[in-house]
């Protein structure tokens, strides 16, 4: 079974600083997708960034980047120049290539201090 | 920009009652997903539709749960004989193709008294 582990229930960062959220996963598949989703308080979940396992290059979206270590089954999210609007629950998710059963971690609550 | 919409946003019901939720996906998306999210946890996959066909169901989807997508557009999720353990946020997502990104709706928060 595939599982996703986020070992940091809560993290905080000073505005304009950089923070890294951790995620590890367990799978026997070789082809899969990894995602980071953001869920602000009382608002809907939105995609932050996505990584295909077959790509060696780490995905980047503006201030958001990932460190994908396939052998270590690690997929961390780095947020640079943190903004107040980044405060939210962040969920790491895994999905096998040929399956629609997307598995989420328990989430990391990020607080941004002004 | 029309995203995924869900109705109602909140539902309070008494144990034993039936409830039905609706999801309207993004119009050009033929894939639709239902998830359940309990407090402090990530979403858990319930079921998946490709057009009107329900192709996958999680073991979490007990026989009290049924989902439909009759014309391949909107979907409904019905829970019969609700139990307190059914209290959760029910999320709907849609995507344009199998490996595409899933776009989530705002969810329906169910409280079973």
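The values are calculated or read from the model by the stated rules, or taken from the named source; none is laboratory data. Quantities reported herein were computed from a predicted structural model and do not represent experimental measurements. Don't worry about glycine lacking a Cβ; one is built from the backbone with ideal geometry, like all the others, and counts go over all protein chains shown.
Data for the structure
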read-out	value
Residues located in the range A:15-28, provided they are more than 14 Å from residue A:70 (Cα to Cα) and assigned to a strand (DSSP E or B)	A:19, A:20, A:21
Boolean, residue A:12 is assigned to a loop (DSSP other than H, G, I, E, B) and either over 12 Å from the mean Cα position of the chain (by Cα) or more than 12 Å from chain B (Cβ to nearest Cβ) (or both)	no
All positions within the range A:30-50 that are more than 11 Å from chain B (Cβ to nearest Cβ) and crowded, with 19+ Cβ neighbours inside 10 Å	A:34, A:36
Residue in the range B:47-55 that is buried (at least 21 other Cβ atoms within 10 Å of the Cβ) and modelled with pLDDT of 95 or more present	no
Those residues of the range A:68-85 which are without any contact (Cβ under 8 Å) to a residue 40 or more places away in the chain and under 14 Å from the mean Cα position of the chain (by Cα), in sequence order	A:68, A:69
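For (1) closer than 28 Å to residue A:32 by Cβ; (2) at pLDDT below 95; (3) crowded, with 20+ Cβ neighbours inside 10 Å, each residue gets a yes or a no:
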position	(1), (2), (3)
B:80	no, no, no
B:83	no, no, no
B:90	yes, no, yes
B:98	yes, yes, no
B:102	yes, yes, yes
